[in-house]
Amino acid sequence: MTNNIQDIILYRRTVKPTAMNGKKIDDETIRELLQLADWAPTHGLTEPWYFMVYGGEKVQQFCTDHAELYKQFTPSAQFILGNYEKLKAQGDLASHVIAVVMRRGANPKIPEIEEVAATACAVENLWLAATAKNIAVYWGSGGMTYSPAMQDYLGLRDEDKVMGFLYLGYTEEAPRTGRRVKPLEEKVKWM
């Protein structure tokens, strides 16, 4: 991959964990990605992003715990065994899983939507940096992601928000440019 920002943006793609190859990413590389995530824009310097990193054996433990939360808190009429098994196996080929949390700042003048947006910007910084290093990323939000049970599992406050889980790893898939469904003209109005 190139270090040209335009190419990095064009080649940033979602790679599902099942397409990862199981090769481990050095923890120092993960730290580098997090350091770049930390440079996201933030209103009032609240820096609301908070990342919980699972590496090594903790990846599988998190996935098992997530599946068990799904089993425990999903009414039996809505429980789907395939979803349980998918959650449990989601990290089998991933190197790291990162819980993405918007940890609400103490300044009540900053609207919550701005804290969520800042956290999403931090994720994009991390993702672009990962793309530059040929690291595959998947942002998952299924299972119990937005549930009070996950909030408790992660030890978060009521005002904090789990925004998803990043699965990181390597893949044999060649980098590819993506596609847009709607033309830019439908998404921009010049005044």
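Scanning the stretch 145-182 for residues that are hydrophobic (A, V, I, L, M, F, W, C) and surrounded by 10 or more Cβ atoms within 10 Å (Cβ to Cβ) returns ALA149, MET150, LEU154, LEU156, VAL162, MET163, PHE165, LEU166, LEU168.
So, GLU115, is that one open to solvent by less than 20 Å² (accessible area, probe 1.4 Å) and not in a loop (DSSP other than H, G, I, E, B) or not? Even if it seems obvious, please write down each step before you answer.
Numbers: open to solvent by less than 20 Å² (accessible area, probe 1.4 Å): yes; not in a loop (DSSP other than H, G, I, E, B): yes.
Here the answer is yes, as GLU115 does meet what is asked.
Restricting to the stretch 3-48, and then to whatever is free of Cβ contacts under 8 Å to residues at least 24 places away in the same chain and part of a loop (DSSP other than H, G, I, E, B), can you tell me which residue is farthest from the chain's Cα centre (by Cα)? This residue is ASN4. The set of residues in the stretch 118-144 that are surrounded by 18 or more Cβ atoms within 10 Å (Cβ to Cβ) and assigned to a loop (DSSP other than H, G, I, E, B) comprises ILE135, GLY143, MET144.
Looking across the stretch 49-69, the residues that are farther than 29 Å from ASN134 by Cβ and either under 19 Å from the mean Cα position of the chain (by Cα) or among the hydrophobic types (A, V, I, L, M, F, W, C) (or both) come down to ASP65, ALA67, LEU69.
I'm checking my understanding of the structure. Among residues of the stretch 19-44 that are among the polar types (S, T, N, Q) and in contact with a Phe, Trp or Tyr (Cβ under 9 Å, 6 or more places away or on another chain), which one is most open to solvent (accessible area, probe 1.4 Å)? Among those residues, the one meeting the criterion is ASN21. Test GLU185 against the criterion of being surrounded by fewer than 19 Cβ atoms within 10 Å (Cβ to Cβ), of a type outside the set (Lys, Arg) and either touching a residue at least 12 places away in the same chain (Cβ under 8 Å) or within 21 Å of VAL100 (Cα to Cα) (or both), and give yes or no. For GLU185, the condition - surrounded by fewer than 19 Cβ atoms within 10 Å (Cβ to Cβ), of a type outside the set (Lys, Arg) and either touching a residue at least 12 places away in the same chain (Cβ under 8 Å) or within 21 Å of VAL100 (Cα to Cα) (or both) - is not met.
The requirement of being touching a strand residue (DSSP E or B) at 6+ places or on another chain (Cβ under 6 Å) and basic (Lys, Arg) is not satisfied by LYS133. Of all residue pairs spaced 6 or more apart or on separate chains, those with beta-carbon atoms under 6 Å, a first member in the stretch 82-95 that is over 14 Å from TYR54 (Cα atoms) and a second member that is among the aliphatic types (A, V, I, L, M) are TYR84/ALA67; LEU87/ALA67; LYS88/ALA67.
The values are calculated or read from the model by the stated rules, or taken from the named source; none is laboratory data. A quick note: this is a predicted structure, and the numbers were derived from the prediction, not measured. For neighbour counting, all protein chains shown are included, and Cβ atoms are generated from backbone atoms with ideal geometry for every residue, glycine included. These area figures cover heavy atoms from the full protein model, side chains too; ligands, DNA and RNA do not enter into them. Shrake-Rupley method; radii C 1.70, N 1.55, O 1.52, S 1.80 Å.
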